[in-house]
1. Taking the Cα centre of segment 32-180 as the origin, how large is its charge dipole in debye, to the nearest 20, when only Lys and Arg (+1) and Asp and Glu (-1) carry charge on their Cβ atoms?
2. May I ask you to give the percent of accessible area on segment 32-180 that is carbon plus sulfur, with a probe radius of 1.4 Å?
3. Given a 1.4 angstrom probe, what's the average accessible area per residue across segment 32-180, in square angstrom?
4. Please list the non-local residues whose amide H lies under 5 Å from the amide H of Gln39, H modeled 1.01 Å from N, same-chain partners needing a gap of 5 or more.
5. Cα gyration tensor of segment 32-180, axes a ≥ b ≥ c as square roots of the eigenvalues: rounded (a/c below 1.5), prolate (a/b > b/c) or oblate?
Amino acid sequence: MPATRRALLRTAGTLLPAVGLAGCTFTSGPDTRSAEYLQLKAVTVSWRRDGRSYEDQLFKLLSDGESEIRGDVASEYAELTSPPTEITVSEDVHDELERAFETVRYGVGFCGDEFGTGDGHGCLNTGISRADFNRVQFGDRAEVTVVDNAFRIESVEEGDRAAVREWGTDVREYDWTERHSGRGRDVSLAD
């Protein structure tokens, strides 16, 4: 893997705590691009308590598109990322999240030559609908349109799921309740 792609993946986690496009706006019409691979899948939630706003990701997984998937997941929702080749959020789980949190946002990141600036390969991470989030998986290629600072999937070319299952995985679980004790989410998400 090119060193620049590795550097980009290392920084993706620090650049996207809320899966947004800080400082980026699109002023033209829809922009269709060919994504060579999916590098990020994340679900971000927010809530308010005692006049303060909080935000965190239930999970954030990153991939180099060739050989690995790594990231973090709240242990209460670990089943959403297992196996990491089929990460979807059902309508029931989505409804549960909407009852528990003020907002629920889905985010993905795509990479390829059409996402770079003048020198080629680059990546773009932004929001996506739950339906399109469910539609694309690690190992897939996709045609995507960027509309109103969000991806819309035009088509998906499914990758080799068996090959992706052989990739190295490092998905660490964390305890949501412990992480957010005192921040208004003291109870388990499963309650």
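The values are calculated or read from the model by the stated rules, or taken from the named source; none is laboratory data. Since the model is a prediction, treat every value here as computed from it, not as a measurement. Methodologically, a virtual Cβ is constructed for each residue, glycine included, from the backbone with ideal geometry; neighbour enumeration extends over all protein chains shown. Surface accessibility is based on the protein's heavy atoms, side chains included, excluding ligands, DNA and RNA. Shrake-Rupley method; radii C 1.70, N 1.55, O 1.52, S 1.80 Å.
1. Details: 17 positive and 33 negative charges, 82 e Å.
Dipole size: approximately 400 debye.
2. Numbers: 2650 of 6770 Å².
The C+S portion of the solvent-accessible surface of segment 32-180 is 39 percent.
3. Details: 6770 Å² over 149 residues.
Per-residue value: 45 Å².
4. Gly109, Phe110, Cys111
5. Working: a/c = 1.87, a/b = 1.42, b/c = 1.32.
The shape class here is prolate.
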